[in-house]
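Only one structure is covered here, and it is reproduced in the block below.
Bear in mind that the values in this text are calculations on the coordinates, not laboratory data. Everything numeric here is computed off the predicted structure, so don't read it as measured data. Neighbour counts are summed over all protein chains in view; Cβ atoms, including those assigned to glycine, are modelled from backbone coordinates with ideal geometry.
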Amino acid sequence: MLAVSILLMVLLIGQSLYLFYYKNQIKDIANQLAFISKHHSFKFIETQIKPKEIDSLIRECNGLLTRIRAVDQQAALRNEEVNDTVISLSHDIRTPLTSLDGYLQLAERSQDPQEHTRYVTLARSRIQLILKLVDELFLYTKLQNPEYRIDLKPIDVIALLKRSLFSFMDEFAAAGEEPQISLPESTVVVMAQGNALERVFENILRNYFVHGAGSLSIRYEDQQNRACIHFANLLPPGSTVNPDQIFTRFYKADSSRTVHSSGLGLSIVKSLVDKMDGHTQAELTGELFCISAVFNKILKEITYE
């Protein structure tokens, strides 16, 4: 009987010590969490001895801390992107605004009707540039929303590309360069959205007129269930471009920023093509720079608008 009493007492003492140890472990975890929260520390919860339940609790806490820190890092990156956006766009918009104000002042002081008209025309061109910059920023921002979707339907990509090229006839004539076009006569049907596809071709063509040299080569390549369109041109003498960064937001090969551009044109191209389940790529071979847009092709006859 005495032995049983002693055994029960030992078990009771052991259980009390274990509960005391358990409580201390929980208290220590709570203190570590409070310290991490107060000081925004990057530490993780640690203990020297880990019973099964405590070890499970610590793993869950550390997993939660990891996820919270990942969210915080993403938020910090977004804030940094917003700041970069404001700084870059402020510079890009300030320049035409300054010249707009100057042209309007000159127009007000001018007594010559022809000179007055010229200054007003120049002022209007700066207004159009500002509107274009704001439009690109609005579109870029909209495309960064993961929930933004583009409704896709069958479209003849070759017919649409030809229409886009036709709209740039004046620009090609002014540049004195005729594009070298190698496109199929038959229709090539892809899943896309008309306005988005037009914007893709417009931005690529404008990029050529602003940053390219020589004639523009446009070539179609059939890749089984994919339609690939290559836009290739030479680079101006002395200029460089990084193909790995060409689709990056605000990337500008013209580091001096003498060209009025938001730096969003090709980033918008990539975002739009991605939204249409395609992909883009850029290559630099010597002085020949090539942008490729690849779309999902479908094999059926359709009626076009």
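Key figures
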read-out: Whole-number D in µm²/s for segment 153-296 (Stokes-Einstein; Kirkwood sum over Cα pairs; 10 °C, 1.306 mPa s); value: 103 µm²/s
read-out: Added length on full extension, which subtracts the Cα-Cα distance from 0.36 nm per residue, Q281 to F138; value: 49.1 nm
read-out: Neighbour net charge for H40 - beta-carbon separation under 15 angstrom, K R +1, D E -1; value: +2
read-out: Candidates per trypsin sites (Lys or Arg not before Pro) in segment 123-190, loop by DSSP, up to 14 other Cβ within 10 Å; value: R149
read-out: Which of F172, F289, F166 has the fewest Cβ neighbours within 10 Å, and the rest in rising order; value: F166, F172, F289
read-out: Pairwise label distance in nanometres, D112 with Q245, each label 7 Å out on the Cα-Cβ vector; value: 4.4 nm
